[in-house]
Amino acid sequence: MRRFRGEAENKVDTKGRVSIPAPFRRVLEEGDPDWNAGVGINPNFVIVYGRRNNNCLEGYSLKSMNDVDDLVSRLPRYSKEREILERLLNSQSIYAQVDENGRIVLPPKLRELVGIKSSAMFVGMGDKFQVWKPEFYQEDMKLIDKRLTENNFEEELYAFLDYKDDESKKI
């Protein structure tokens, strides 16, 4: 299965319409069991906006969102953690559909929440993608760059991938 990869900055019109990068659309199509180009059914997906301290929106294919829902459902049914995650992921998310021109409409509430006005930065994150105000994304990347250069953290981070099955080696 394809994954969301890369970055793309696209213009947002006054109605909140923005083009999703073509490679991202392919991932959304693969992740929507109802998608059918031959019948003119456009892919659906989920936009999550309930993450705190996150200046971006997160887009999930229907399959990826189902995977997240499955992880949450493994928590004890009446645990506070499960209830909070269910609320954040379900009540603070919306279904969206790619239109025939490869665009989506970002509602005013979501644009205001993350500061998007005339352009949006799409950022691939593997099983999800993020949508940022470009300036906020650049600021966040500077913070990441700073953290990676401190105490050789970048080398530690990549080394972490070598220890995926060894709990004692995790960061």
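The values are calculated or read from the model by the stated rules, or taken from the named source; none is laboratory data. Since the structure is predicted, the reported quantities are computational estimates derived from the model, not experimental observations. So basically every Cβ, Gly included, is an ideal-geometry build from the backbone, and we count neighbours across all protein chains shown. Accessible surface areas use protein heavy atoms only, side chains included; no ligands, DNA or RNA. Shrake-Rupley method; radii C 1.70, N 1.55, O 1.52, S 1.80 Å.
Taking 8 Å as the Cα distance limit and 6 or more residues as the minimum spacing, I'd like the relative contact order of the chain as a percentage.
Once normalised by length, the contact order is 29 percent.
Roll a 1.4 Å probe over the protein chains and send me the accessible area per residue for the chain in Å². Please list the in-between numbers first.
Values: 11080 Å² over 171 residues.
That works out to 65 Å² per residue.
Can you give the helix-only mean residue ellipticity at 222 nm for the chain, where every DSSP H stretch with n ≥ 4 adds -39500 (n - 2.57) and the sum goes over all residues, rounded to the nearest 500 deg cm²/dmol? List each step's numbers first, then the result.
Numbers: 6 runs with 59 residues, N = 171.
Computed mean residue ellipticity for the chain: -10000 deg cm²/dmol.
Output wanted: per-residue J couplings in Hz (rounded whole) for segment 92-100, from phi through Karplus 6.51 cos²θ - 1.76 cosθ + 1.60, θ = phi - 60°, x for Gly and Pro.
Each residue's phi maps through the Karplus curve to give 10, 8, 9, 7, 9, 9, 6, 7, 5 Hz.
Out of residues 5 or more away from residue 125 or on other chains, whose amide H comes under 5 Å of its own, with H placed 1.01 Å from N in the peptide plane?
Amide H neighbours of residue 125, under 5 Å, 5+ apart: 4, 130.
Which FRET efficiency value, to the nearest 0.05, do you get for residue 69 and residue 8 by plugging their Cβ-Cβ distance into 1/(1 + (r/R0)^6) with R0 = 22 Å?
Rounded to the nearest 0.05, the efficiency is 0.20.
Take the solvent-accessible surface of the protein heavy atoms, probe 1.4 Å, and return the percent of it on the chain that carbon and sulfur atoms account for.
48
Can you pull out the trypsin sites (Lys or Arg not before Pro) in segment 41-83 whose DSSP state is coil and whose Cβ has at most 12 other Cβ atoms within 10 Å?
52, 74, 77
Can you match Cα extents along the principal axes in Å to one of these, (i) 48, 30, 26; (ii) 50, 39, 31; (iii) 56, 30, 25, based on a calculation from the structure here?
Here Cα extents along the principal axes in Å agrees with entry (ii).
Order 141, 65, most accessible first, counting only protein heavy atoms with a 1.4 angstrom probe.
Final ranking, largest accessible area leading: 141, 65.
Pop out the ³J(HN,Hα) list for segment 103-112 in order, Karplus 6.51 cos²θ - 1.76 cosθ + 1.60 with θ = phi - 60°, rounded to Hz; leave Gly and Pro as x.
10, 10, 9, 8, x, x, 4, 6, 4, 5
Kindly write out, for segment 130-147 in residue order, the coupling ³J(HN,Hα) from the Karplus curve 6.51 cos²θ - 1.76 cosθ + 1.60 (θ = phi - 60°), rounded to whole Hz, with x marking Gly and Pro.
With the stated coefficients, segment 130-147 comes to 10, 10, 10, 5, x, 5, 5, 5, 4, 4, 5, 5, 5, 5, 5, 4, 4, 5 Hz.
Find how much the distance from residue 77 to residue 52 grows on full extension, using 0.36 nm per residue of separation minus their present alpha carbon separation; answer in nm with one decimal.
So the chain would gain 6.7 nm between residue 77 and residue 52.
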